[in-house]
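First up is the structure itself, then whatever we jot down about it.
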Amino acid sequence: EDSPSRQVGASPAGPLAKVRHAAPMLSLDNAFSEEDVADFIGRVRRYLNLAPDEPIAITAEPKIDGLSCSLRYEKGVLVLAATRGDGTTGEDVTPNVRTIADIPEHLGTNEAVIPDVLEVRGEVYMSKADFAALNERQAEAGGKIFANPRNAAAGSLRQKDAAITAARPLRFLAHGWGEASELPADTQCDMMRAISGWGLPVSEDFLRFGDLEAALAHYRAIEAKRADLPFDIDGVVYKVDRLDWQRRLGQVARAPRWAIAHKFPAEKAQTTLKAIDIQVGRTGKLTPVARLEPVNVGGVTVTNATLHNADEIERLGVRPGDRIVIQRAGDVIPQVLENLTPDEERPPYVFPVECPECGSDAVREEGEVDIRCTGGLICPAQRVERLRHFVSRHALDIEGLGLVHIESFFRDSLIQSPADIFKLTKDQLLTRERWAELSAANLIAAIDARRAPPLDRFLFALGIRHVGEVTARDLARRYRSFGNLMAMIDRALAVRAETQPTPAEPERKFTQRRDKAVVAVIDTPNIGPEVANAILDFFEEPHNREVVDDILASGVQPQDVVHETRASPVSGKTLVFTGSLETLSRDEAKAQAELRGAKVSGSVSAKTDLVIAGPGAGSKLKKAQELGIEVIDEARWAEIVVASSP
Ligand code: IVH
């Protein structure tokens, strides 16, 4: 009871062991209005090719503001519990979870047979009352005060010492499952009923609805009693009830196509704007930040809000000293909504014309809202932000190398560019204050663990404008190795440089023609002119090439993409779908084909290997027959898909 760790207990002492999830832990796309939810249902209908009058049953339940946790039961016994982490890899919190009373050690039997392997997924949370009481105890003991129940739950679960977790009042609500050796039901609702029957708590407000209108009424009812609920929720989650439909819908990036979170409107508050500071981002963008008189917004103390850009400051007419309205929604940075004192006499805020970090000119490019520092890599703020992005969770994910370390290593010239990270030695760390044998060895090990990053993470880490995680993945899938990709980029750069305007060709026509040529070389799904040019701009800049070469020279080897597609009779082939498909949408068919290593083209040519023709197929089918290309129907395609499914 008197152990100091129990009183302080803010964060785990040392890292928890990593666990790779058997099935990824997904996140959810958000809807902010009833129209957004209707759009979601529309997308589901289109993707599944459902008739307009075919009912789509959906479930609706509160979105608990906690942290997600996966509980693995083997033969009904709890064997592993893990946090979500980045969705692929989380942390082992098994001993901690065993202290949570809501979570049974053994699943109880009911009419549904317990699968041999079952991962139950749900939310670990703390009630509002327990949170307040915990903070009171923490204050008395001189321990950490938590900002909100969710942070308190996360801090309590992610402990090295499970005795600390045991002393914290954590709760659990199941909302789904991960790996399962078999499923005893074929709808979301019946599965949740089974999970509840096995002894895991499921929300009392989990219900199934025959149509959207009924589900939206449930949303309004939950919103109305939100303040009276014993725990924080931040919206309602809808899920397509039929599991066969969920399977067909699959996922995009990290979120399923069959579920959506309908968020509650943002909470608002009034406060005073104390000052406007300028932050310089990774691409040099100057972002004004409002420093505020601290104010409580929906249970969270807010001291900063974003003002987005110079135009926004002008639109709001805000100056330090004004009373303002701010709003906070979920995890996003609070925003300034309105100026309540625009008529008070005060000089207007003047946006800087120089970068506050490096003194270079700050300019607004034509047609852009953002003002950018022109200092590029001489600007320390941009360099630090690039480094921070490079090591961040969805990029190289170097654990233990947070902003504080990056800034101090940068200031002391230990790390100037990403390659320096991989040249860091334990001895260098040991000469620094507050670094000891173990912490230094841990960081070096974390860095070493990232010397062979997946190609897509590596590309994302480079911080190329417009190349987010999804585009990085598209590029990695298409080119498979960094060498291939660079060869393509050099070809595209040459094409861009060689494409010259013809006399009398209008500027716009020329740009279009050149963009088209460049996009054709890049030849990657979803990459159009804007992204293509951004990629080329990046690699045209000699300094960026140098940075990349240095990273590779420091012993980093991006991994080739090998197991991305399933072995199938169509892998490496070019397919054309034509005519109408009856059980599939075009997008779905294309996704099935691509997952099996095929390329889908819109037109039949000598390069086409296989044509899938439905009723009403016309000229493409004729051409395929003339060229002697194999033609199959949708039913045969379905057989190929099933035969090459995992
Ligand atoms: S379903 C495949 N249902 O919200 C769908 N998630 O923003 C996975 N969450 O990581 C989630 N309440 O931790 C689902 N009723 C609920 C939820 C819920 C809270 C969390 C969950 C997830 C996050 C996504």
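Taking the options Leu475, Leu485, Leu493, name whichever one is of a type in the set (A, V, I, L, M), in contact (Cβ under 8 Å) with a residue 40 or more places away in the chain and over 15 Å from Glu530 (Cβ atoms). Break it down into steps so the answer makes sense when it comes.
Numbers: Leu475 fails: over 15 Å from Glu530 (Cβ atoms); Leu485 fails: in contact (Cβ under 8 Å) with a residue 40 or more places away in the chain.
Result: Leu493 is the single residue among Leu475, Leu485, Leu493 that is of a type in the set (A, V, I, L, M), in contact (Cβ under 8 Å) with a residue 40 or more places away in the chain and over 15 Å from Glu530 (Cβ atoms).
Can Arg282 be described as closer than 30 Å to Val44 by Cβ and either polar (S, T, N, Q) or at pLDDT below 95 (or both)?
Judged against the criteria, Arg282 is not a match.
Within region 62-74, how many residues turn out to be open to solvent by 10 Å² or more (accessible area, probe 1.4 Å) and more than 13 Å from the ligand (Cβ to nearest atom)?
2
Could you check region 311-332 and list, in sequence order, the residues that are open to solvent by 40 Å² or more (accessible area, probe 1.4 Å) and farther than 20 Å from Pro265 by Cβ?
Hits for region 311-332 are Asp311, Glu314, Arg315, Pro320, Arg323.
Just wondering, is there one or more residues in region 50-61 that are open to solvent by 40 Å² or more (accessible area, probe 1.4 Å) and either under 22 Å from Leu16 (Cα atoms) or within 16 Å of the ligand (Cβ to nearest atom) (or both)?
no
Identify the residue in region 280-301 that is open to solvent by 60 Å² or more (accessible area, probe 1.4 Å) and free of Cβ contacts under 8 Å to residues at least 40 places away in the same chain and, among all such residues, is nearest to Gly375 (Cα to Cα).
Checking each candidate, the answer is Arg291.
So how many residues does region 604-637 have that are out of contact with any strand residue (DSSP E or B) (no Cβ under 6 Å at 6 or more places or on another chain) and crowded, with 17+ Cβ neighbours inside 10 Å?
We begin by selecting, within region 604-637, every residue out of contact with any strand residue (DSSP E or B) (no Cβ under 6 Å at 6 or more places or on another chain); these are 605-606, 614-616, 618-619, 622-623, 625-628, 633-636.
Next cut, crowded, with 17+ Cβ neighbours inside 10 Å only: 614, 623, 634.
Number satisfying all stated conditions: 3.
So Ala31 fits all but one of (1) at pLDDT 95 or above; (2) within 16 Å of the ligand (Cβ to nearest atom); (3) small (Gly, Ala, Ser); (4) within 30 Å of Val117 (Cβ to Cβ); what number is the exception?
(4)
Consider only pairs whose beta carbons are under 9 Å apart and that are at least six residues apart or on different chains; among these, list those whose first residue lies in region 62-86 and is under 27 Å from Leu396 (Cβ atoms) and whose second residue is open to solvent by 40 Å² or more (accessible area, probe 1.4 Å) and near the ligand (Cβ under 7 Å from one of its atoms).
Within 9 Å, the pairs are Leu67/Arg84; Ser68/Ser27; Ser68/Arg84; Ser68/His175; Cys69/Arg84; Ser70/Arg84; Arg84/Ser27.
Take the conditions β-branched (Val, Ile, Thr) and either in contact with a strand residue (DSSP E or B) (Cβ under 9 Å, 6 or more places away or on another chain) or at pLDDT 95 or above (or both) and apply them to Val369. Does it pass?
No: the conditions fail for Val369.
Among the residues of region 253-275, write down those that are within 30 Å of Ala310 (Cβ to Cβ) and open to solvent by less than 20 Å² (accessible area, probe 1.4 Å).
First, pick out the residues of region 253-275 that are within 30 Å of Ala310 (Cβ to Cβ): 263, 265-275.
Residues satisfying the conditions are Ala269, Thr271, Leu273.
Just one of Glu91, Glu105, Glu123, Glu111 is within 16 Å of the ligand (Cβ to nearest atom) and closer than 30 Å to Asp190 by Cβ; which is it?
Glu123
Given the conditions (1) farther than 30 Å from Glu223 by Cα; (2) open to solvent by 40 Å² or more (accessible area, probe 1.4 Å); (3) modelled with pLDDT of 95 or more; (4) within 16 Å of the ligand (Cβ to nearest atom), report the number of the one that Ala22 does not fulfil.
Only one criterion is unmet by Ala22, namely (3).
Looking at Val384, Val336, which one is under 30 Å from Ile233 (Cβ atoms) and either open to solvent by less than 20 Å² (accessible area, probe 1.4 Å) or modelled with pLDDT under 95 (or both)?
After ruling out the rest, the residue left standing is Val336.
Any residue at all in region 442-459 that is touching a helix residue (DSSP H, G or I) at 6+ places or on another chain (Cβ under 6 Å) and small (Gly, Ala, Ser)?
no
So which residues in region 241-254 are within 13 Å of the ligand (Cβ to nearest atom), hydrophobic (A, V, I, L, M, F, W, C) and out of contact with any strand residue (DSSP E or B) (no Cβ under 9 Å at 6 or more places or on another chain)?
Residues satisfying the conditions are Val252, Ala253.
What pairs come up if the first residue lies in region 134-146 and is touching a residue at least 40 places away in the same chain (Cβ under 8 Å), the second is open to solvent by 20 Å² or more (accessible area, probe 1.4 Å) and hydrophobic (A, V, I, L, M, F, W, C), and their beta carbons are under 8 Å apart, counting only those six or more places apart or on different chains?
What qualifies is Gln138/Ile145; Ala141/Val8; Gly142/Val8; Gly143/Val8; Gly143/Ala10; Lys144/Val8; Lys144/Ala10.
Say whether the condition of being closer than 30 Å to Ala532 by Cβ, in contact (Cβ under 8 Å) with a residue 40 or more places away in the chain and surrounded by 17 or more Cβ atoms within 10 Å (Cβ to Cβ) is met by at least one residue in region 433-444.
Among the residues of region 433-444, not one is closer than 30 Å to Ala532 by Cβ, in contact (Cβ under 8 Å) with a residue 40 or more places away in the chain and surrounded by 17 or more Cβ atoms within 10 Å (Cβ to Cβ), which makes the answer no.
Scan region 469-488 residue by residue and report those that are in a loop (DSSP other than H, G, I, E, B) and open to solvent by 30 Å² or more (accessible area, probe 1.4 Å).
Arg480
Only helices (runs of 4 or more DSSP H) wholly contained in region 158-248 count here; list those with 3 or more residues that are open to solvent by 60 Å² or more (accessible area, probe 1.4 Å) and of a type outside the set (Gly, Ala, Ser).
Counting at least 3 such residues, we get 212-224.
Could you list, in sequence order, all residues of region 549-594 that are out of contact with any strand residue (DSSP E or B) (no Cβ under 8 Å at 6 or more places or on another chain), open to solvent by 80 Å² or more (accessible area, probe 1.4 Å), closer than 22 Å to Gly250 by Cβ and not in a loop (DSSP other than H, G, I, E, B)?
Asp587 - this is the single residue of region 549-594 that is out of contact with any strand residue (DSSP E or B) (no Cβ under 8 Å at 6 or more places or on another chain), open to solvent by 80 Å² or more (accessible area, probe 1.4 Å), closer than 22 Å to Gly250 by Cβ and not in a loop (DSSP other than H, G, I, E, B).
Looking at the structure I just gave you, is Val570 within 29 Å of the chain's Cα centre (by Cα) and aliphatic (A, V, I, L, M)?
no
Could you tell me how many of the residues in region 403-417 are open to solvent by less than 20 Å² (accessible area, probe 1.4 Å) and within 19 Å of Gly555 (Cβ to Cβ)?
Residues that pass the stated criteria total 2.
The values are calculated or read from the model by the stated rules, or taken from the named source; none is laboratory data. The structure displayed is predicted, hence computed values, not measured ones. Reconstructed Cβ throughout: ideal geometry from the backbone, glycine too, with neighbour counts over all protein chains shown. The protein model used for the area step is the full one, side chains on, heavy atoms only, and it has no ligands, DNA or RNA in it. Shrake-Rupley method; radii C 1.70, N 1.55, O 1.52, S 1.80 Å.
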